[in-house]
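Here is the structure we will look at, set down as structure tokens.
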Amino acid sequence: MKLIATKCALCGSLEDYTIVYQENFKERDVTSDIFSARKMPDRIHHRIVRCNKDGLIRSNPVLDECIMRDLYKKSGFTYLEEVENLADSYYKALRPFLSEAPKNAKILEIGCGNGFLLKRLYENGYKNTFGIEPSIDAAEKCDKSIRPRIVVDMLKPGIFKSNTFDMVYCFQTFDHIQDPNSFLEICHDLLTPRGIIAAFNHDVESLQAKILREKSPIIDIGHAYLYSRVTMRKIFEKHRFLPILIYSPFSIVSLRHLIWLSPLPEAFKIKLFNLKKGILGIFLKQRIKIRLGNICLIAKKDSVP
């Protein structure tokens, strides 16, 4: 299995880092299942390092990009029970843009899953919504009204025309990107002048991450980088984006999903979730509003070279 050394996306250094956690997986562990979004945490991860110059945390070394692309392509869509809660949480995060955007604004979601948020936007009058998603399984589970608007692929140069979108957003996707510099350059190119970009992902400096440490679900083989508010701001500014808002968003989640994310034994969680009937089933479906340890950044494209 080929592993590739990574460099810091902010300063470009290869070796000036401190090891945070050693890698803990073997070749037989690497399957498409562990690259399925919002899977039950399996605690499998690459070696995690922190850059000594700017504090950016990354996986190093990582699986070859071609292998990763194939694994994401074959990954499953496993969180259908939670999509309404996710749509509620993410739609709220987009409101600062939507409150000022015309209904004909052209919007792109990167890593759109089965299109649950695109569907919410479409139902609220935003008809020019489009998505890109690498998982074949996720795309096959899209609502028929949304499926024609989704490209099954990874983001790459030329896949959409330049200066096309008024907004580009990615939710729980940015920390999976192996080359965030290239990713942000493509996003910058896709946006219209003064277009908006939004990113919603894990906060490596959150209280939850600090308490759980290596047992946190964010310490995962799928995460190429882990960002704080400071490093998020720096990397977006590096690519000519002007941050408007960086904050810790609330999420709406079921109690079932909270237990799913917890470091409780997997066997216990599976047994508990199989008890879907009666009072326990009703209890597990209860929704709560909580800060889960995420960052939401909203920024404007700076058109000045």
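Here, each number is a calculation from the coordinates, and none is a lab measurement. Note that the coordinates shown come from a computational prediction; the quantities given were computed from them, not determined experimentally. Neighbour counts run over all protein chains shown; Cβ positions are idealised from the backbone, glycine included.
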Interatomic Cα distance distribution for segment 50-163, bins of 5 angstrom, percent: 2, 10, 17, 19, 17, 15, 11, 6, 2, 0
Quick check of the Kirkwood formula: for segment 172-305, what is the inverse mean of 1/r over all pairs of different Cα atoms, in Å? 16.8
Net charge contributed by nearby residues that have their C-beta within less than 10 Å of Ser254 (K/R +1, D/E -1): 0
Eligible aspartates and glutamates near Lys2 by straight Cα distance, threshold 15 Å, same-chain separation 8 or greater: Glu23, Glu27, Asp29, Asp64, Glu65, Asp70
Quick one: of Lys119/Lys289; Lys141/Lys300; Lys73/Lys234; Lys106/Lys234; Lys215/Lys300, which pairs are farther than 25 Å apart, Cα to Cα? Lys141/Lys300; Lys73/Lys234; Lys106/Lys234; Lys215/Lys300
Calculate the radius of gyration of the Cα atoms of segment 105-207 to one decimal place, then report Dmax, the largest Cα-Cα distance, as a whole number, both in Å. 13.4, 40
For segment 101-118, list residues with backbone N below 18 Å from a point placed 7 Å from the Cα of Leu242 toward its Cβ? 101
Taking amide H positions as placed 1.01 Å from N in the peptide plane, with prolines and chain starts having none, which residues 5 or more places from Asn294, or on another chain, fall under 5 Å of its amide H? Asp203
Considering amide H positions built from the backbone, and no H for Pro or chain starts, which residues 5 or more places from Val20, or on another chain, come under 5 Å of its amide H? Ile48, Val49, Arg50
Could you give me the ³J(HN,Hα) list for segment 207-213, computed from phi with Karplus coefficients 6.51, -1.76, 1.60 and θ = phi - 60°, whole Hz, x at Gly and Pro? 4, 4, 5, 5, 6, 7, 6
Kirkwood hydrodynamic radius for the chain: how many Å is it when counted over pairs of different Cα atoms? 19.9
For Leu191, what residues show an amide H to amide H distance below 5 Å, using hydrogens built from the backbone and excluding near sequence neighbours? Asn163, Thr164, Phe165
In the structure shown, do any of Lys74/Lys156; Lys144/Lys285; Lys74/Lys271; Lys103/Lys144 have a Cα-Cα gap over 23 Å, and if so which? Lys144/Lys285; Lys74/Lys271
When the gyration tensor of segment 3-73 is built from Cα positions, what are the square roots of 5 times its three eigenvalues, in whole Å, from largest to smallest? 24, 13, 11
